[in-house]
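Enquirer: I'd like to ask some things about the structure below.
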Amino acid sequence: MTTVNPTPASLPAALAEPTVPVRRSWIALIFAANLGVWMAFFTPLQVLLPQQIERIAPGDKEAMFAVVTGLGALAAVLANPLAGALSDRTVLRLANRHFGRRHVWTATGAVLGALALLLLARQNTIAGVAVGWVAAQVCFNAMLASLTAAIPDRVPVAQRGGVSGWVGIPQALGLVLGAVLVTAVVTGNAAGYAAVALAVLLLSLPFALLTEDDPLPREHRPVLRARALLASMWISPRRHPDFAWAWFTRFLVQLGNALGTLYLLYFLTDGVRMADPEGALLVLILLYTLGMMLTAVVSGRISDRSGRRKVFVIVSGLVMAVAAVLLAVVPTWPMAIVAALLLGAGYGVYLSVDAALITQVLPAATDRAKDLGVINIANSAPQVLGPALSAPIVVHLGGYPTLYAATAVITLLGSALVLKIRSVP
């Protein structure tokens, strides 16, 4: 049986290709919402979880950290596309008023995720930490699925590089503000989790409450059947080869990023032997963010104007690979400073342009959030594999020089394979 897709003229606003440029106020609000969710992801990963796990299991901190982050990433792999698929099908009506299909997921994810962080703060066992972090990952990935879909939902193609640059900056800025928040503004691990939970609510709820969210008419809602929903998670590489290559290139670059950043605090402690590794980590995060902010929006806008995406992705991978090689060859504090700037600059270009590229290879408007959730598996799955690969490399296969050499090779390969994508220049 052949399914006839609606013509563009018959599509409701929720499914139509956007043509009206978004305003600066909309960009500012989605920027803030993304800042909140990335603070919630990265502040625990970079500061709070390592501290908490080291206090609970000081003699086995690397392995236990790998277990906790791996379980959390596995939860993210499952939660993100599932939440996206459900938001694609959300038809919400209360008191004869129709609500959009995305914002309810943003708001609910923020509130429940904040509660999960408060639960996590109270844990004194590795099992308890793992459960708390898994719960937080599920909630924040549901939130992230709806925020990610906002770009193809509301931003025209010719504006997506620049907007994606602004939306990408919070991934690094969240690290900086989160680290400052839990090291300089508040003291103590529990207070740190509470501060991040409050930040998530203050930063993300305004976007959900103050911006438009087109409702999905009931007649356009895809049928919700468990078997069909699970089957839709597989997007055929044969039918959609550009989407498949976009997924694979994102997976490899993010795997390289995971290998290079997951053990950064321990690298500064045991590899560079810094007297104040947490302070040194904050400095590197600041430099990384500076590099990213200098390139993300500018490269996205240049990409929009030129209509070209792939060349920017390739250059960004090359820059990030050079940064990793520097850490592998000369693992010193001055070289770490240089590498942080280069890595931030390369990643800023990559995030803005690759995010815009991906929105141009999505298979169907009816499944935008689900399809972007499948792409987000390429972001989350490396967080599962990263600890599993990093721990044996650091402990048994040459230590941090080998780890950063592997980072360079994988990152460069991932960016080069973007050439396989045919439909986007």
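Enquirer: Can you find even one residue in region 354-364 that is touching a residue at least 12 places away in the same chain (Cβ under 8 Å), more than 29 Å from S232 (Cβ to Cβ) and touching a Phe, Trp or Tyr at 6+ places or on another chain (Cβ under 6 Å)?
Expert: No, region 354-364 has no match at all.
Enquirer: Just a yes or no: is a residue in region 235-254 surrounded by fewer than 22 Cβ atoms within 10 Å (Cβ to Cβ) and small (G, A, S)?
Expert: yes
Enquirer: Just give me the residues in region 413-425 being closer than 14 Å to S316 by Cβ and surrounded by 21 or more Cβ atoms within 10 Å (Cβ to Cβ), in sequence order.
Expert: Within region 413-425, G414, S415, V418 qualify.
Enquirer: Limited to region 296-349, what total is found for residues that are of a type in the set (F, W, Y) and closer than 30 Å to A158 by Cβ? Explain how you work it out, then say what you get.
Expert: Of all residues in region 296-349, those of a type in the set (F, W, Y) come to 312, 333, 347.
Among the residues that remain, those that are also closer than 30 Å to A158 by Cβ are: 312, 347.
Here the count works out to 2.
Enquirer: Ok, one more. Inside region 98-135, can you point out the residues that are closer than 15 Å to I53 by Cβ and either surrounded by 24 or more Cβ atoms within 10 Å (Cβ to Cβ) or in contact with a Cys (Cβ under 8 Å, 6 or more places away or on another chain) (or both)?
Expert: Passing the criteria: L120, V129, G132, W133.
Enquirer: Oh, and also: Counting only residues that are outside any helix (DSSP H, G or I) and surrounded by 15 or more Cβ atoms within 10 Å (Cβ to Cβ), how many does region 168-207 have?
Expert: Step one: filter region 168-207 for residues outside any helix (DSSP H, G or I), giving 186-188.
Still in the running and surrounded by 15 or more Cβ atoms within 10 Å (Cβ to Cβ): 186.
Matching residues across region 168-207 total 1.
Enquirer: Six or more apart or on different chains, Cβ under 9 Å: which pairs go from a residue in region 122-139 that's in contact (Cβ under 8 Å) with a residue 12 or more places away in the chain to one that's among the basic types (K, R)? Could you list them?
Expert: Short answer, once both residue conditions are applied: N124/R55; G132/R122.
Enquirer: Can you give me the number of residues within region 302-321 that are touching a helix residue (DSSP H, G or I) at 6+ places or on another chain (Cβ under 6 Å) and either over 18 Å from W245 (Cα atoms) or among the acidic types (D, E) (or both)? Talk me through it step by step, then tell me what you get.
Expert: So the first thing to find is which residues in region 302-321 are touching a helix residue (DSSP H, G or I) at 6+ places or on another chain (Cβ under 6 Å), and the list is 303-304, 309-310, 312-314, 316-317, 319-321.
Pick out the ones that are also either over 18 Å from W245 (Cα atoms) or among the acidic types (D, E) (or both) and you get 303-304, 319-321.
So the count comes out to 5.
Enquirer: Return a yes/no flag: does region 325-342 have any residue that is outside any helix (DSSP H, G or I) and without any contact (Cβ under 8 Å) to a residue 40 or more places away in the chain. So that I can check it myself, show each step before the final result.
Expert: Just the residues of region 325-342 that are outside any helix (DSSP H, G or I), to begin with: 330-332.
Those left that are additionally without any contact (Cβ under 8 Å) to a residue 40 or more places away in the chain: 330.
Checking region 325-342: at least one residue is outside any helix (DSSP H, G or I) and without any contact (Cβ under 8 Å) to a residue 40 or more places away in the chain.
Rundown of residues vs (1) crowded, with 20+ Cβ neighbours inside 10 Å; (2) among the small types (G, A, S), yes/no style:
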position: R225; (1), (2): no, no
position: A231; (1), (2): no, yes
position: N257; (1), (2): yes, no
position: L265; (1), (2): yes, no
position: S299; (1), (2): yes, yes
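Enquirer: Specify which of the listed residues (S316, S303) is over 20 Å from the mean Cα position of the chain (by Cα), among the hydroxyl-bearing types (S, T, Y) and at pLDDT 95 or above. Talk me through it step by step, then tell me what you get.
Expert: Numbers: S316 fails: over 20 Å from the mean Cα position of the chain (by Cα).
Result: S303 is the single residue among S316, S303 that is over 20 Å from the mean Cα position of the chain (by Cα), among the hydroxyl-bearing types (S, T, Y) and at pLDDT 95 or above.
Enquirer: So is L86 more than 23 Å from L198 (Cβ to Cβ), surrounded by fewer than 23 Cβ atoms within 10 Å (Cβ to Cβ) and not aromatic (F, W, Y) or not?
Expert: On the way: more than 23 Å from L198 (Cβ to Cβ): yes; surrounded by fewer than 23 Cβ atoms within 10 Å (Cβ to Cβ): yes; not aromatic (F, W, Y): yes.
Here the answer is yes, as L86 does meet what is asked.
The values are calculated or read from the model by the stated rules, or taken from the named source; none is laboratory data. All values reported here derive from a predicted model rather than from experimental measurement. Reconstructed Cβ throughout: ideal geometry from the backbone, glycine too, with neighbour counts over all protein chains shown.
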